[in-house]
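A short write-up of the structure that comes next.
The values are calculated or read from the model by the stated rules, or taken from the named source; none is laboratory data. Here the structure is a predicted model, which is why all the values come from computation and not from measurement. With ligands, DNA and RNA removed, areas are computed over all heavy atoms of the protein, side chains included. Shrake-Rupley method; radii C 1.70, N 1.55, O 1.52, S 1.80 Å.
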Amino acid sequence: IENFSTPSEENLTVSYNWGLAGAASSNLSMTGTANSRIVTHSTVAAADASATLTVTASATGAPNQQATATITVWTPAQQPTINRSGNDVTLETISTGATIYYTTDGSTPTTSSTVYTGPFSIESLAYPVTINAIAVRGSSTSSMATQTFAAPKAAQPTISISSSGSVTIISSTEGATIYYTTNGTEPTTSSTPYTAPFTVGNEVTVKAIAVKSGYDNSDVASAEYITSGVSGGKVVLN
């Protein structure tokens with residue numbers, strides 16, 4: 001309140017009445033002395049709060065004067081959440097209008113770090129990958145969120161053997177290479193790569209793994225083909 005008009009008496013005391021009104025005023029409270037107030041959230045809240053602030057000045061022998069203003073109290077920026085789906089990472093914060101900054105090398109993010117604009121892939125990074133992120137809104141910076149991700153594992157292959165001994169091997173991990181053996185030994189990346197169906201004879205155990213760059217090798221799949229004494233042959237999955 002400016003240019004408050006009062007009589008010329010010395011030591012005149014001016015009193016101020018403060019008030020908050022509006023739909024969001026229940027989320028706000030005022031503290032301080034009669035002539036100096038601080039407006040804060042009365043409870044920890046995830047949403048910002050706005051209200052109309054009214055200040056009335058009064059003094060004996062002078063007309064009251066009043067000023068109003070709309071004020072908004074911003075909640076502190078809230079820590080982001082870090083979520084992974086496959087090799088894609090998503091960052092989120094409940095702070096409306098906040099900017100998220102992140103790093104993928106385990107370092108502490110700042111406002112000079114990469115700005116999050118949408119899900120990003122960590123497939124080409126060296127595992128384990130540590131993602132750190134902060135949310136910034138105005139002068140408020142959240143605490144740092146951190147998450148370390150191990151390499152994903154390629155899906156275990158599925159071995160199908162027909163009654164005639166034709167073997168088909170597939171993996172649901174797109175782009176994976178399948179390696180197999182037919183002598184019961186554990187397959188490695190030095191084993192035979194699967195490129196097309198093949199045929200096996202009596203009492204053969206087929207084992208297979210799926211391998212993809214950026215992934216841990218899959219669990220070993222195993223199936224045994226037996227024809228002795230069996231019409232058409234049968235398959236035993238181990």
Share of accessible surface on carbon and sulfur in the chain, whole %, 1.4 Å probe and ligands ignored, is 47 percent
Regression test value, accessible area per residue of the chain, probe 1.4 Å, units Å², expected 56 Å²
With 0.36 nm assigned to each residue of separation and the Cα-Cα distance removed, H41 to S85 gains 12.2 nm
Across T81, T146, T54, the residue with the highest GNM fluctuation in the chain (Cα network, 10 Å cutoff) is T54
Here the stretch 162-178 yields Karplus 3J(HN,Hα) values (6.51, -1.76, 1.60; θ = phi - 60°; whole Hz; Gly and Pro given as x) of 6, 5, 8, x, 7, 10, 10, 10, 9, 9, 7, 7, 4, x, 6, 9, 9
Which of (1) 0.95; (2) 1.11; (3) 1.42 gives Rg/Rh (Cα atoms, Kirkwood Rh) as computed here? It is (3)
